[in-house]
Amino acid sequence: MKVAVLSGGRSSEHGVSLRSGEAVAKGLEEAGHEALRVKVSREGAWSCAGEPVNLAPGGGLLDAEAVFPALHGPFGEDGSVQGLLEWLQLPYVGSDVLSSAICMDKLTLKRLFARAGLPQVEFVAAGEPGWRQRCEEMDKPLWVKPSRLGSSVGISRVESTGSELDEAVELARRHDPRVIVEAHAPGREVEISLLGNEEVEASLPGGVVANGDWYDYETKYQEGGMQLTVPAPIPEEQRARLRELALEAFRLGGCAGLARCDFFVDPDGKVLVNELNTMPGFTETSVYAKLWQASGVEYPTLCNRLVSLAVERYEHAGAFKF
């Protein structure tokens, strides 16, 4: 198939997305597909092989038979590009408009999880009534985050609820006016990769250990910044619980194609859901593909399956198009 791979984008995760897109393009080519490398500039201009891409119906992008939007953060992972691809009637890898928007916004997703009773850390929206009192009561340190970003961009670790908290909220608001404050969760970080539409598979769980103070942007994307152990060194009953919660989170989020679910496993064995990422990183150091490789699915095969799932979902949805 001829697959357009989108990378770059307008968010602060532009550089990571370029690396993801190139890795995906190479993976698709190894699987026998033709990859069209479509880059989106920081200003929002689209190009392929140095030439502008026409996004109007009948334009050049429609030469592709499917699209792999390897875009992270706002204007890519939040439903906006998914809406454009729906309008162009192109099959695309990953979740639809609604699911992408819900899962991109940590506050919305965590409220959804809370209503369904999924175990997770305490959280509060900065600025909502009573938020400072909630912060006083939550376990320290606190983690202050933009609600609609990934890759640990704009996150601060806060030990007190005075001026340090205010400065952290201000930093997060430079990236997103919606800011979430989370309580600290002791214990091990564990992640699971998910693959499928109606029938969803879960990878082996991977334990993440940061070679730094915490799992920040540099730790995630620099060589040797973190260590991934697969399977995670946890008891079998906890692995089963992780898989159960990951599949439930995928269902609640309305996800399709792929997602990575992140957890905390505290010292007494309790499992807490942290986040659900609908377009996790696909760089050479990214966890999503490494977990599948450890589970027996090589990178080119993974890219091929994701495109097949995109076409399958598109064809199934055809009967419901207006």
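The values are calculated or read from the model by the stated rules, or taken from the named source; none is laboratory data. Computed from a prediction, not measured in an experiment: that's the story for all the values here. Every residue, glycine among them, receives a Cβ derived from its backbone with ideal geometry; neighbour counts consider all protein chains shown. To get the accessible areas, we keep the full protein, side chains included, count just its heavy atoms, and leave off ligands, DNA and RNA. Shrake-Rupley method; radii C 1.70, N 1.55, O 1.52, S 1.80 Å.
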Next on the checklist: I need every pair where a residue in the range 95-108 that is closer than 9 Å to C255 by Cα has its Cβ under 6 Å from the Cβ of a residue that is of a type in the set (A, V, I, L, M, F, W, C), sequence separation at least 6 or different chains.
Outcome noted: S95/C255; S95/A256; S99/C255; C103/L109; C103/L276
Checklist entry - Do any residues in the range 62-83 that are farther than 20 Å from H14 by Cα have Cβ atoms under 6 Å from those of residues that are of a type in the set (D, E, K, R) and part of a strand (DSSP E or B), where the two are at least six apart or on different chains, and which pairs are they? => result A64/K2; E65/K2
Checklist entry - When the range 92-145 is examined, which residues are found to be touching a Cys at 6+ places or on another chain (Cβ under 8 Å) and hydrophobic (A, V, I, L, M, F, W, C)? => result C103, L109, V124, L142
Next on the checklist: For a quick check of your reading: which helices (runs of 4 or more DSSP H) sit entirely within the range 39-138 and have at least 2 residues that are more than 28 Å from V311 (Cα to Cα) and of a type outside the set (K, R)?
Outcome noted: 106-116, 131-137
Next on the checklist: Can you confirm whether A289 is over 25 Å from F113 (Cβ atoms), crowded, with 23+ Cβ neighbours inside 10 Å and touching a strand residue (DSSP E or B) at 6+ places or on another chain (Cβ under 7 Å)?
Outcome noted: no
Checklist entry - Does V121 count as within 19 Å of the chain's Cα centre (by Cα) and surrounded by fewer than 23 Cβ atoms within 10 Å (Cβ to Cβ)? => result yes
Checklist entry - Can you tell me which residue in the range 203-221 is modelled with the lowest pLDDT, limited to those that are in contact with a Ser or Thr (Cβ under 8 Å, 6 or more places away or on another chain), surrounded by fewer than 16 Cβ atoms within 10 Å (Cβ to Cβ) and part of a loop (DSSP other than H, G, I, E, B)? => result G212
Next on the checklist: With the structure loaded, tell me whether S308 is open to solvent by 50 Å² or more (accessible area, probe 1.4 Å), among the small types (G, A, S) and farther than 22 Å from E13 by Cβ or whether it fails that test.
Outcome noted: yes
Checklist entry - Does E128 count as open to solvent by 50 Å² or more (accessible area, probe 1.4 Å), in contact with a strand residue (DSSP E or B) (Cβ under 8 Å, 6 or more places away or on another chain) and either over 20 Å from T278 (Cα atoms) or modelled with pLDDT of 95 or more (or both)? => result no
Checklist entry - Among all residue pairs at least 6 apart or on different chains, which show Cβ distances below 7 Å where the first residue, located in the range 138-160, is on the phi < 0 side of the Ramachandran plot and the second is surrounded by fewer than 22 Cβ atoms within 10 Å (Cβ to Cβ) and among the basic types (K, R)? => result P141/R157; W143/R157; S147/R178; R148/R178; E159/K140
Next on the checklist: Can you confirm whether P141 is modelled with pLDDT of 95 or more, surrounded by fewer than 19 Cβ atoms within 10 Å (Cβ to Cβ) and more than 26 Å from G15 (Cβ to Cβ)?
Outcome noted: yes
